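The values are calculated or read from the model by the stated rules, or taken from the named source; none is laboratory data. Since the model is a prediction, treat every value here as computed from it, not as a measurement. Glycine gets a Cβ as well: all are built from the backbone with ideal geometry, and neighbour counts include every protein chain shown. Heads up: the accessible areas ignore ligands, DNA and RNA and are worked out on the full protein's heavy atoms, side chains in. Shrake-Rupley method; radii C 1.70, N 1.55, O 1.52, S 1.80 Å.
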Amino acid sequence: MTRYKIRQALGNRIAQPLLDEGLHYLADHEMVYDEGPGGKVLWIRTSDATRARLRGA
């Protein structure tokens, strides 16, 4: 899915800079692979342990 399609799916309720920041965070935590502007975002399945660690549980 492209960044544009993600924004469309969210009803354009999120500004591009905020989406970029969120995708950067998710990429840092190996939850997505982001090709950057004009590319695609690939959502990666994470383990329960990783999700728990990210949520601070």
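A few points about this structure:
- Top-ranked residue in the stretch 39-57 [being over 12 Å from the mean Cα position of the chain (by Cα) and either part of a helix (DSSP H, G or I) or at pLDDT 85 or above (or both); ranked as nearest to Ala9 (Cα to Cα)]: Gly39
- Tally, over the stretch 1-38, of residues that are assigned to a loop (DSSP other than H, G, I, E, B), open to solvent by less than 60 Å² (accessible area, probe 1.4 Å) and closer than 25 Å to Arg55 by Cβ: 4
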